1. Between the stretch 16-51 and the stretch 67-126, how far is it from one alpha carbon centroid to the other, in angstrom?
2. Given charges of +1 on the Cβ of Lys and Arg and -1 on the Cβ of Asp and Glu, with all other atoms neutral, how large is the dipole of the stretch 93-166 about its Cα centre, in debye to the nearest 20?
3. Would you please name the chymotrypsin sites (Phe, Trp or Tyr not before Pro) within the stretch 244-286 that are DSSP coil residues with at most 10 other C-beta atoms within 10 Å of their C-beta?
4. What fraction of the Cα pairs in the stretch 111-156, stated in percent, has a spacing above 18 angstrom?
5. Taking the stretch 100-137, which trypsin sites (Lys or Arg not before Pro) meet the DSSP loop condition and have no more than 16 other C-beta atoms within 10 Å?
6. Which longest uninterrupted range of the chain lacks any GluC sites (Glu not before Pro) assigned by DSSP to a loop state (not H, G, I, E or B) and surrounded by at most 14 other Cβ atoms within 10 Å?
7. Mind putting a number on the dipole of the chain about its Cα centre? Charges go on the C-beta only, +1 for Lys and Arg and -1 for Asp and Glu, and I need it in Debye to the nearest 20.
8. Strictly greater than 27 Å: what percent of every Cα pair in the stretch 162-297 meets that?
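Just so you know, all these numbers are worked out from the coordinates, no wet-lab data involved. Quick caveat: nothing in here was measured; it's all calculated off a predicted structure. Cβ atoms come from the backbone with ideal geometry, glycine included; neighbour counts cover every protein chain shown.
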Amino acid sequence: MNLAIEAKNLTKNFGNFQAVKGITFQIKRGETFALLGENGAGKSTIMRMVACRSPLTDGELYVEGFDVKYQDREIRSIIGVVPQENNLDPDLNVRENLIVYSRYFRIPLKIALERSDELLDFIKLSEKANAKVDHLSGGMKRRLIIARALLHQPQILLLDEPTTGLDPNVRQEIWEKLEELRRTENLTIVLSTHYMDEAEKLSQQILLLSHGKIIAEGAPRHIIEDKVKKFALEIREAESLVPQIKDSKIFFQKRGTSHLYFADSVEELTSLINFYGTRQVILRPSNLEDVFLQLVDK
Ligand SMILES: Nc1ncnc2c1ncn2[C@@H]1O[C@H](COP(=O)(O)OP(=O)(O)O)[C@@H](O)[C@H]1O
Ligand SMILES: [Mg+2]
């Protein structure tokens with residue numbers, strides 16, 4: 001089979017606490033796969049086990065057919081890792097950060113220099129090649145770490161929260177770069193994120209995690225169709241009003257001060273709008289956030 005990663009009953013305990021609770025999943029070659037879930041869901045723990053940086057408590061995990069328990073050297077040579085925390089060397093300039101890293105992979109200097117220049121061009125940082133890392137913006141640092149992870153031409157790129165803490169326009173730039181990589185390099189991209197829009201936009205497959213367990217999986221559209229009704233009606237600042245729950249075909253949910261109704265047809269929802277008078281009303285297709293908030297609500 002064309003599997004990049006295969007996990008069976010993957011488990012991680014920290015003392016008495018179980019951070020990853022025996023999960024099974026597969027990632028196909030060449031796809032972008034998202035681990036999506038709230039803070040503490042277990043995303044980074046899974047990423048670290050895949051990257052051979054944290055041993056399994058139980059279960060099995062294979063990366064391109066290599067067993068993480070015994071073949072970490074083989075695995076490290078074919079994965080590129082973008083960790084959650086930026087870990088560039090502040091004493092080195094942009095290009096030097098790439099060159100130094102290339103030594104871990106025993107890339108000859110001439111090739112490392114060529115490859116660094118190509119990658120700096122790809123991430124649009126050529127003009128900053130001699131700048132100190134401290135002088136880069138958050139988005140530039142993130143792009144540089146992505147370039148660093150690509151130096152040794154890995155088959156799998158692991159990105160732990162690639163855009164957390166960045167401005168929306170900067171997130172967009174990184175998304176475009178990742179999309180370009182997927183299209184042109186035939187890389188398998190595995191990213192973790194707590195942003196539903198990021199997972200929905202970038203990935204073909206999603207593993208929706210909560211408290212170390214899988215709560216949904218599949219293509220974003222499939223998950224939405226499978227787990228929630230098709231349309232959502234959202235009414236803001238409706239706290240003081242009594243929800244209109246009469247029809248069993250409609251699912252109601254309160255979120256903060258908002259009322260939300262879900263149904264499979266728009267008509268079932270429009271009949272509710274009048275009741276809310278002048279309040280702000282949004283009628284939209286259901287999204288992954290709805291899936292998450294309905295599943296973890298139960
Ligand atoms: N080294 C550790 N020791 C103890 N608990 C940990 C350790 N690393 C992570 N955890 C706990 O495991 C859970 C999952 O953490 P993590 O994988 O970092 O979540 P995520 O990346 O989804 O935010 C959290 O409750 C976290 O506090
Ligand atoms: Mg994390």
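1. When both Cα centres are located, 23 Å separates them.
2. Numbers: 12 positive and 9 negative charges, 31 e Å.
It works out to roughly 140 debye.
3. Details: sites: Phe251, Phe252, Tyr261, Phe262, Phe275, Tyr276; in loops: none.
Passing both the DSSP loop test and the Cβ count: no residue.
4. Values: 229 of 1035 pairs.
Counting pairs separated by more than 18 Å, the tail of P(r) holds 22 percent.
5. Details: sites: Arg103, Arg106, Lys110, Arg115, Lys124, Lys128, Lys132; in loops: Arg106, Lys124.
Taking the stretch 100-137 and a limit of 16 other Cβ atoms within 10 Å, the loop trypsin sites (Lys or Arg not before Pro) found are Arg106, Lys124.
6. Working: sites that count: Glu38, Glu85, Glu237, Glu239.
Between the exposed loop sites, the longest stretch runs 86-236.
7. Working: 41 positive and 43 negative charges, 82 e Å.
With only Lys, Arg, Asp and Glu charged at Cβ, the dipole is about 400 debye.
8. On the way: 3039 of 9180 pairs.
Tail fraction, whole percent: 33.
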